[in-house]
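*Asks:* Starting off with a structure, shown below.
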Amino acid sequence: MGASGFMRARRIAAERMNKPVEEVGYQEAAEYLRKPQEEQPVQESDAGVTGEQPEDEMPTTPLPAALALINGAASAKAIEKLPTIGAKGAQKIFDVRPENGFVALEQVAAMTDLQSANWTEIAAWEAPE
């Protein structure tokens with residue numbers, strides 16, 4: 001995952017915070033997205049209350065298998081199935097996972113700062129059948 005993934009996390013946080021994306025740093029976006037949604041402050045705008053994506057702007061692509069595994073894992077051991085993560089990385093992901101789960105692998109990368117992880121390989125991972 002490159003800079004575009006981190007930019008997506010900034011854009012999501014900026015939209016929910018009702019701020020221009022240029023005013024939201026990567027760290028601020030990661031901290032904001034780490035909070036459960038019910039704790040995220042909702043801002044008012046000229047168009048009304050924001051904080052949720054309109055239905056017509058909701059992503060239509062399914063979650064990557066790796067993100068579904070991370071969000072649904074009952075323990076760090078399950079996350080170890082992902083390539084290049086390892087036991088320590090899996091535990092770190094499990095420990096920082098928001099209550100409502102991650103919204104994108106870019107968010108996982110930003111919140112865990114796992115330097116050894118190959119996020120492109122993780123994104124391409126598919127669960128064995």
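The values are calculated or read from the model by the stated rules, or taken from the named source; none is laboratory data. None of the values given here were measured: they were computed from a predicted structure. Accessible surface is based on the protein model in full, side chains and every heavy atom, while ligands, DNA and RNA are left aside. Shrake-Rupley method; radii C 1.70, N 1.55, O 1.52, S 1.80 Å.
*Asks:* Let me confirm something: among GLU80, GLU99, which residue is of a type outside the set (A, V, I, L, M) and either at pLDDT below 90 or open to solvent by less than 10 Å² (accessible area, probe 1.4 Å) (or both)? Working first, answer last.
*Replies:* Numbers: GLU80 fails: either at pLDDT below 90 or open to solvent by less than 10 Å² (accessible area, probe 1.4 Å) (or both).
The unique qualifying residue is GLU99.
*Asks:* Report yes if some residue within segment 102-109 is open to solvent by 70 Å² or more (accessible area, probe 1.4 Å) and either more than 21 Å from GLN27 (Cα to Cα) or part of a loop (DSSP other than H, G, I, E, B) (or both); otherwise report no. I'd like the intermediate steps shown before the answer.
*Replies:* At the first step, the residues of segment 102-109 found to be open to solvent by 70 Å² or more (accessible area, probe 1.4 Å) are none.
No, segment 102-109 has no match at all.
*Asks:* Could you please let me know if ILE12 is open to solvent by less than 30 Å² (accessible area, probe 1.4 Å) and at pLDDT 80 or above?
*Replies:* For ILE12, the condition - open to solvent by less than 30 Å² (accessible area, probe 1.4 Å) and at pLDDT 80 or above - is not met.
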